[in-house]
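The values are calculated or read from the model by the stated rules, or taken from the named source; none is laboratory data. Only a predicted model underlies this, so the values are computations on that prediction, with no experimental measurement involved. Every residue, glycine among them, receives a Cβ derived from its backbone with ideal geometry; neighbour counts consider all protein chains shown. These accessible areas exclude ligands, DNA and RNA; they are computed on the full protein's heavy atoms, side chains included. Shrake-Rupley method; radii C 1.70, N 1.55, O 1.52, S 1.80 Å.
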Amino acid sequence: MTGSSANSSQGGVIAGSFGKGAVAGAPFLLVIIPFALLFGVVGTEAGLNLAQVMGFSMLVIAGAAQFTAVQLMVEDAPTLIALLTALAVNLRMAMYSASLVPYLGAAPLWQRLLICYGLVDQTYAVSIARFESPPAMTVSDRVAYILGAFTMIAIPWYAATLLGAVLGAAIPPGLPLDFAVPITFLALIAPALKTLPHVVAALTSTCMALAFSWIPYSLGLIVAAVLAMAAGAACEIWMERRA
C-alpha cells in the first residue's frame, strides 16, 4: 500500500507539472494561432497542397524556418540553398538543447526524443525560466512541464495551420496576420537579454541582418547569425578576463 500511495503521489506531481507547463505556454496562443494561420495561407499560395502544408508544419514545427523555406521556394532558389538557410535559421535549437542538458539529460531516451520534437522557441522560453527558478524540480517533473507547454502550443498550431490552408484566399488580404511573426520573437528575446553578451549578440544580429539583406536567397541571415554568435562570445571572453 505504501508503494502504491507513493506512486500515486508521484503521478499526481507529474500531472501537476504537465498542467503548469500547459498554463505557462497558453499566453503564446495569442501569436501562435495567427502565425500558423498565416503559414497555412502562404503555403497554399506558394503552390503546396494540403498534405504538403500539414506535413511541413507537423514535421518541422519551426515557423521562421518554414516561412524562410517557402519564400525561397517561391523565388526558385536551389534546394540546397533553401535547406541551408532554413537550417541556419534553426541553429538556435542546438543552443537551446545544450542549455537544457543539465536539467533533462538524465531523462530516458524516448522522453528526450519527444522533447527534441517539441523543442520550439516558446516551450524553451517557458521551460528554462522555470527550471532555473526555485523550487528545484525532479527530472520527471521537468519532462512533464516541457511536454505540457508543447502540447498547449502544438495542437492549436496544427489546427490553425489546417484552417489557414483550407480557407486560403477566403481570409481577407487586409487581415494583419503577419503581426504575429515579429511579436513572437520580441516576446521571446526581450526577457532573455539579461547580460551584456546577450545584448551585444542581439544588436549585432539585427544590424548585420539589415546590412546583408541584399545577399540573394536570404543568405544574409547566415552571415548575421555567425557574426552575432562571434560577437556574443567575444564579449563573454572580454568580461571574464576583466573579472
Filter the stretch 199-225 for residues that are within 19 Å of LEU72 (Cβ to Cβ) and β-branched (Val, Ile, Thr); the one that is least open to solvent (accessible area, probe 1.4 Å) is ILE215
Counting just the residues of the stretch 92-120 that are surrounded by fewer than 14 Cβ atoms within 10 Å (Cβ to Cβ) and closer than 17 Å to ALA225 by Cα, which one comes out modelled with the highest pLDDT? ALA94
Considering only residues that are at pLDDT 80 or above and not aromatic (Phe, Trp, Tyr), which ones fall in the stretch 52-67? GLN52, VAL53, MET54, GLY55, SER57, MET58, LEU59, VAL60, ILE61, ALA62, ALA65, GLN66
Filter result for TYR158 (among the aromatic types (Phe, Trp, Tyr), within 19 Å of ALA26 (Cβ to Cβ), open to solvent by 30 Å² or more (accessible area, probe 1.4 Å) and not assigned by TED's automatic domain parsing to the domain that holds GLY220): yes
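Pick out, from the stretch 126-243, the helices (runs of 4 or more DSSP H) lying fully within it that include 1 or more residues that are at pLDDT 85 or above and out of contact with any Pro (no Cβ under 6 Å at 6 or more places or on another chain). Working first, answer last.
Details: elements: 139-167, 180-189, 196-211, 220-242.
Fully inside the stretch 126-243 and qualifying: 139-167, 196-211, 220-242.
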Identify all residues within the stretch 93-108 that are without any contact (Cβ under 8 Å) to a residue 24 or more places away in the chain and outside any helix (DSSP H, G or I); write none if there are none. GLY105, PRO108
